[in-house]
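The values are calculated or read from the model by the stated rules, or taken from the named source; none is laboratory data. Since we're looking at a predicted model, the values are computed, not measured. As a convention, Cβ positions derive from the backbone with ideal geometry for all residues, glycine included, and neighbour counts pool all protein chains shown. The accessibility values were calculated without ligands, DNA or RNA, using every heavy atom of the protein model including side chains. Shrake-Rupley method; radii C 1.70, N 1.55, O 1.52, S 1.80 Å.
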Amino acid sequence: MRYLASIGTLLGLSVFMACAQENVPPIQTPSTAAYTLEKVVDDSGILWGMTFISKTEILATEKGGTLYYCSAGTKQAISNVPEVYVRGQGGLLDVATDPDFETNSIIYLTLSSKGRGSEPGGNTALYKARLVDNSRLEDVELLYQASPNSKKGQHWGSRIVFDPQGHLYFGIGDRGNRDVNPQDISRDGGKIYRLNRDGSIPQDNPFVGQNGAKEAVFSYGHRNPQGMATHPTTGEIWVHEHGPRGGDEINRIQKGKNYGWPVITYGINYSGTPITTQTKKEGMEQPFYYWVPSIAPSGFAISDSDKYPNWRGDYFVGSLKFEYLEHLTIENQQVVAREKIAPNIGRVRNVQQGPDGYLYLSVEGKGIFKIVSKS
Amino acid sequence: MKKLFVFFLGLSLVACQEQPSPELQASINRGQEVYQNFCIQCHLAEGQGVPNAFPPLAPSDFLETQTAAVIAGLKYGMQGEIVVNGQTYNGNMPAQGLEDDEIADVVNYIRNSWGNQNRQMILASDVAQTSKPKP
């Protein structure tokens with residue numbers, strides 16, 4: 001009996017150890033909300049990407065393949081969007097405006113595409129186009145098509161941002177092929193890419209001239225980045241990515257660095273079995289922050305606005321899994337507090353700061369909401 | 001002792017279950033791959049789902065009885081209120097972009113996993129004949 005009991009304890013202990021503990025600081029739910037939510041766009045689908053083209057007009061992508069022009073509570077589909085391969089987590093993904101959008105009307109899209117060959121499956125593509133009359137795209141141009149095609153449904157990425165010099169960054173996930181793609185710079189997938197706005201490769205990219213390398217690659221060893229933001233004061237590119245079970249990460253992206261997936265991770269397989277025993281390794285970056293358990297992060301905004309008391313410089317991340325917007329308080333380059341904004345609102349797919357300084361979040365099956373501070 | 005008896009009774013019951021035909025078994029095996037790829041992140045590894053968000057597949061009276069609605073939901077997406085085991089869900093399952101044979105395989109898999117059993121095989125042609133539900 002004694003013997004049985006100790007086996008029981010041992011078992012309990014190992015179960016306990018296998019279920020990694022929640023990472024600090026613990027998430028808080030404020031007892032009263034200091035803001036209200038105002039719906040600005042109604043949509044029953046998945047508004048994946050959004051970008052403001054003026055204080056009141058929004059372009060939004062619906063995952064199923066529609067690009068919308070949204071204004072004053074109405075939305076209208078924009079024509080001539082490239083063909084989208086809707087598969088698993090793939091579809092029409094992000095939309096971003098050119099830094100000179102006001103004068104050139106150029107936008108960029110990332111989407112899942114079958115590509116031009118006959119190979120089955122698809123991969124992530126980056127397109128550039130000119131928005132005409134807020135109703136159609138012209139001069140549609142493919143800037144990047146990842147290869148090879150895969151019929152896997154997972155991990156297409158993808159967000160688009162610009163640095164202060166005007167380079168374009170976007171991400172592609174490991175396409176469900178973690179043992180092959182993320183650590184190999186001669187292959188697409190599991191990478192953050194950096195391009196000039198015409199699609200050419202900046203000559204100061206880290207792997208330019210390296211034999212066999214995909215020269216558009218800026219950093220590697222990523223799993224599935226679905227949030228990306230340019231830091232408003234430092235101009236650095238910040239990315240978060242989905243981990244497996246546990247181990248979602250926030251990373252500050254540096255040129256040529258390896259972010260470790262799947263060699264190091266704070267997560268385990270969905271089935272509960274380990275992926276690797278390592279969380280740290282020489283030559284691989286540690287995350288700025290990691291989530292255990294996973295929140296399934298999507299969308300990333302860094303506030304530089306005075307619309308909310310004390311939120312300036314803080315990070316905002318949508319949680320698909322726990323259905324809230326996460327506010328991470330940053331002090332001295334560290335996450336010192338985490339709180340839920342809009343608890344139980346639904347799967348938060350995206351968050352952006354509008355030109356008016358307010359935060360906007362997109363919720364699957366509902367639409368886009370503006371967060372208005374009560375005070 | 002009683003427990004042991006129940007255990008062996010259970011075992012013999014399992015042993016008496018009609019085995020899937022080789023074609024169905026092959027489809028189930030392919031369906032498992034589809035499931036790992038396209039469904040697990042919501043319905044989880046044992047088909048247990050997530051309370052109030054993603055309905056369970058095992059057990060699920062909906063899956064047992066509403067074959068046409070399940071196939072249509074996987075083909076075109078499923079939205080709006082449904083009742084599973086007496087619980088109301090009002091979620092959104094986006095279409096996964098699966099081909100007809102993949103849908104047949106994954107349905108065969110979920111109908112024969114985690115204690116579910118339905119040896120009647122769904123074919124790609126059944127999926128092809130399923131039309132979009134009227135809103």
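What to note about this one:
- Taking amide H positions as modeled 1.01 Å from N, with prolines and chain starts lacking one, the residues under 5 Å from A:R349 and 5 or more places away or on another chain are A:S362, A:V363, A:E364.
- Interface size A-B, as summed buried accessible area [1.4 Å probe, Å², nearest 100]: 1100
- Residue-averaged beta-carbon neighbours from other chains (10 angstrom radius) around A:87-93: 4
- Exercise: per-residue mean of other protein chain Cβ atoms within 10 Å, A:314-326: 1
- Tensor-based shape of chain A (alpha-carbon gyration tensor, a/c under 1.5 rounded, otherwise prolate or oblate): oblate
- The protein assembly as shown, dipole about Cα centre (Lys/Arg Cβ +1, Asp/Glu Cβ -1), debye to the nearest 20: 940
- Accessible surface of region B:20-125 [probe 1.4 Å, protein heavy atoms]: carbon and sulfur percent: 50
- Surrounding net charge for A:P297, when Lys and Arg each add one and Asp and Glu each subtract one, Cβ distance under 10 Å: -3
- In order along region A:329-336, the phi-based Karplus estimate (6.51 cos²θ - 1.76 cosθ + 1.60, θ = phi - 60°) of 3J(HN,Hα) comes to 7, 10, 9, 6, 6, 9, 7, 9 Hz; Gly and Pro are listed as x.
- Farthest positive-ward along chain A dipole, Cα basis, beta-carbon charges - from A:G122, A:V336, A:I371: A:G122
- The Cβ shell under 14 Å around A:E236 holds other residues with a net charge of +1, Lys and Arg each +1, Asp and Glu each -1.
- Each other residue within a Cβ distance under 12 Å of A:G176 adds +1 if Lys or Arg and -1 if Asp or Glu, for a net charge of +3.
- Relative contact order (percent, whole number), chain A, Cα cutoff 8 Å, 6+ residue spacing: 15
- Residue-span extension gain [A:H231 to A:S186] - 0.36 nm each, minus C-alpha spacing: 13.3 nm
- Each of A:K255 and A:Q286 was given a label point 7 Å from its Cα along the Cα-to-Cβ line. The distance between the two points is 2.5 nm.
- Each Lys and Arg Cβ is given +1 and each Asp and Glu Cβ -1; about its Cα centre, region A:172-272 then shows a dipole of about 40 debye.
- Rounded to 0.05, the FRET efficiency of the A:V140 and A:S118 pair, given R0 = 35 Å and the Cβ-Cβ distance, is 0.95.
- The calculated FRET efficiency for A:D198 paired with B:A45, based on their beta-carbon distance and R0 = 60 Å, is about 0.85.
- In chain A, the DSSP-assigned H stretches of four residues or longer account for a calculated mean residue ellipticity at 222 nm of -1500 deg cm²/dmol, using -39500 (n - 2.57) per stretch and the full residue count as denominator.
- For the segment B:94-102, counting C-beta atoms of other chains within 10 Å of every residue's C-beta and taking the mean gives 5.
- Note on region A:131-202: with charges restricted to the Cβ of Lys and Arg (+1) and Asp and Glu (-1), its dipole about the Cα centre is near 380 debye.
- Surface analysis of the protein assembly as shown yields an accessible area of 47 Å² per residue, using protein heavy atoms and a 1.4 Å probe.
- Peptides A:98-104, B:73-79, A:163-169 ranked from most to least packed, by the mean per-residue count of other Cβ atoms within 10 Å: B:73-79, A:163-169, A:98-104.
- Chain-alone versus full-assembly comparison, region A:237-277, residues with accessible loss of at least 30 Å² (1.4 Å probe): A:Y270
- Applying a DSSP loop filter and a limit of 13 other Cβ atoms within 10 Å to the trypsin sites (Lys or Arg not before Pro) in region A:32-73 leaves A:K55.
- Violating pairs (Cα-Cα greater than 30 angstrom) within the set A:K151/A:K191; A:K151/A:K321; A:K55/B:K75; A:K321/A:K370; A:K370/B:K75; A:K255/A:K281: A:K55/B:K75; A:K370/B:K75
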